[in-house]
Every structure is written in structure tokens, then in C-alpha cells.
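Undergrad: Below is a structure I'd like to ask you about.
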Amino acid sequence: MKVGIVGLPRSGKSTIFSALSGQDVPVGTFAEPGTVHLGTIKVPDPRVDELARRFRPRKVTYAEIVFVDFPPSSVARSQTALEPSMVAQMREMDALVQVVRGFPDPLSGEPPQPLRDLETFKSELLLNDLVLVERRLDRLKKEKGKERERSLLERLKQALEAELPLRRQQWTAEEATQLAGFGFLSRKPFLVVLNVAEEHARDPMPAEVQAWLEREEVPGILLAGQIEMEISRLPEADRAAFLSDLGLASSARDRFIRMAYTALDLISFLTTGEDEVRAWTIRRGTTALKAAGKIHSDIERGFIRAEVVAYDDWIQLGSEAKVREAGKLRLEGKEYVVRDGDIIHFRFNV
């Protein structure tokens, strides 16, 4: 899963990136236009820990989130403030996270204006999508037999001109397939991080920001980026004490992961064995056939059946033999909808 971290200048994007990824990234510096910072974190999963303890595999693999820290957008340009090279990379993300300044501007001393910044960036995303739609509509004028696509794009244009993000629109399965190739920015899952000073680390989300999030149907989290970044650089054994001093039960990384999984409607299924215990991240509602393809396209292509046992049943019974004896091992077909925590062995033939 790739999560793009975006926002306006001096919002603390790179600070939040460092807090989430654990990397030591110089704030405000990028090698050259179009470059990004990349950071990968492993998603903590006690189920993987327990299965690894019992199987003692040669390899343990957790689900991963790749954070992509984009250069800040500039609102000085006459049209869209997002550079074309940056937009192209943003379209490849699974989700976007806007970091919003919740502290006085370090250069001007201007007090935070989170609602203004949220609306400004929302407008940038809508404008980029509108430009893409209008260009495609212009090309379709020269083509015949594309009436259905033209009709769909006209609906998109109408929504965007009304300042409605595409993620809030309803689409049929066929329409969703057509839209997938465009990578519309306002259709991507969107999350907000309000970056505040340390003394506000335990504050609730400001009422006006919470109202905006609810109106836009966007999840948000309040983080004190600077102190969370400093804590992330401490030895693992020392972090809990510092978090406790701040009155926080868990790190920014763990809180963000929980929010992201909920917002993106993600779950994990598990595979086990002497070679590897591994968590695989999929969207809720994924079928066994598509989950098999997550592992390898050959498994999806040659799918025969899925042997499934719930994690809790396996832990309670303790072995595959006992699971079979208790009738807890199920044989499922291609259309089985995978559940969170399913331990699956795929049978296939190619």
C-alpha cells in the first residue's frame, strides 16, 4: 500500500513523514524537482508474532505501508499549484494524506488556518481532475462510438465544477473500471493529519476542523509531529515512557496505521509454514481468487480451491491436524469472500 503525504508549504510534511517512517529526513529539502522521499514501515500484527512463535519459520513478513513524501505544493502559480511530475506520481498512490499546519507559521508567525488550507488543497485536487476530464473530452470529440465514456466524463465534469470530490460519488462496477485508469486525485481515499505543537498533543480535534472532516466524509487525526518524530528516533525500549509522559497510549505510527486501515477498509489474511509466516493486505470484500493473485498471478490463474481456517480456531486447537479433526478447516471456492485473520492455503495447478 502506497500512501502519499502531501500538503502546503511549512505544514510539517517531512516531520510527519519522519515520525511515521522512522527515517531521519532533513526538513524542507528535496534533491531536485520531481523527487520524493520514500519510507517503508512494517504493520505490527500480533497474529503474525504468535504464528511465527509457533511455526518458527525461516522468514517472517509483515504487511507494509510505503510512505511517499512529496515536495510541498506552491499556491503562487496561476493555475494549479501541483507540478505535473508530482501529479503523475500522486495518481499512482493508493491514498493521499494531507498534513495541515496547526501551529503558527515558523516564518511569518501567522496563526494556523486549517480550514483555509484544507479548502485550498481540495481545490487543487479538483482542478487537476477537471483539467484531465476536459482534455479527454476534447479528444473524444474526434472519436466515434465513445458515447458512454463521453456521458460518464460529462457527469464527472459536472461534479468537479460543483466542487464535489469524486470519492463522494456513486459508481457502477463498470463505471469504476473505466475510471480506474485515470487515477483521479479526488477519487482516492483521503486522510487528514492536523500537525500541532507539543502542548496540544492530547487536545481533541478542533470543532471547526472536525465539522469539515464530517462534511467531507474524511477521516482525520491530530498529531504533534515534532515530538513524535523525536520519539520515533529513540530506542524501542525508551519510547513507551516518553509517550506516557505525553499522555499517549501509542505512537503516531500505530495510531495512523489504525486510522488508515479503517479508512481504506483494509484487512489481512495470513499464510503459514516452515518457510514463511506472512500477512497479506487486501481490501475488505476481496474474493479468494483475487487474494490468490495477491500472492502470485499463477496461483490466481490456476486456482483450484482455498483451504481456510480462522486464526482464532487455529490458535485454540494448535495444529492443522486438530483443526481438521474439529471440522474447522473449510474448502472454499473462487467466490469466497476472505475475512480478516483467515489463514489460507491455496491449491492451484498451472
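Computed from the coordinates by the stated procedures, all read-outs in this text should not be read as laboratory data. In this text the structure is predicted, and so the values were computed from the model without any measurement. Reconstructed Cβ throughout: ideal geometry from the backbone, glycine too, with neighbour counts over all protein chains shown.
Undergrad: Under 5 Å between amide hydrogens, which residues at least 5 positions from PHE348 or on another chain qualify, with H placed 1.01 Å from N in the peptide plane?
TA: Amide H to amide H, under 5 Å and 5 or more residues apart or across chains, PHE348 pairs with ILE304.
Undergrad: Let me ask something additional. Explain nothing, just compute: Karplus ³J(HN,Hα) = 6.51 cos²θ - 1.76 cosθ + 1.60, θ = phi - 60°, for every residue of segment 95-108 in order, whole Hz, x for Gly and Pro.
TA: Once θ is set to phi - 60°, the couplings for segment 95-108 become 7, 10, 10, 8, 8, 10, 5, x, 9, x, 4, x, 9, 9 Hz.
Undergrad: Residues with amide H under 5 Å of LEU191's amide H, sequence separation 5 or more or different chain, H placed in the peptide plane at 1.01 Å from N; which?
TA: Hits under the 5 Å cutoff: LEU96, VAL97, GLN98.
Undergrad: Then there is this: How much length is gained on full extension from ARG56 to ALA249, taking 0.36 nm per residue of separation minus their Cα-Cα distance?
TA: This chain segment gains 66.5 nm when fully extended.
Undergrad: Sorted from fewest to most neighbouring beta carbons within 10 Å, what does the list VAL66, VAL193, VAL48 look like?
TA: The order, fewest Cβ neighbours first, is VAL66, VAL48, VAL193.
Undergrad: Here are some pairs, LYS59/LYS294; LYS157/LYS334; LYS13/LYS122; which of them have Cα atoms lying more than 27 Å apart in this structure?
TA: From LYS59/LYS294; LYS157/LYS334; LYS13/LYS122, over 27 Å: LYS157/LYS334.
Undergrad: Per residue, what volume in Å³ does the convex hull of the Cα atoms of the chain enclose?
TA: Convex hull volume per residue, Cα atoms: 179 Å³.
Undergrad: Between PRO84, LEU243, ILE304, whose Cα lies farthest towards the positive end of the dipole of the chain when Lys and Arg beta carbons carry +1 and Asp and Glu beta carbons carry -1, centred on the Cα centre?
TA: The residue sitting farthest along the positive end of the dipole is ILE304.
Undergrad: In addition: Whose amide H sits under 5 Å from the amide H of LEU266, counting only residues 5 or more places off or on another chain, with H placed in the peptide plane?
TA: Long-range HN contacts for LEU266: ARG284.
Undergrad: Going by how many other Cβ atoms sit within 10 Å of their own, how do HIS37, HIS200 line up, fewest first?
TA: HIS200, HIS37
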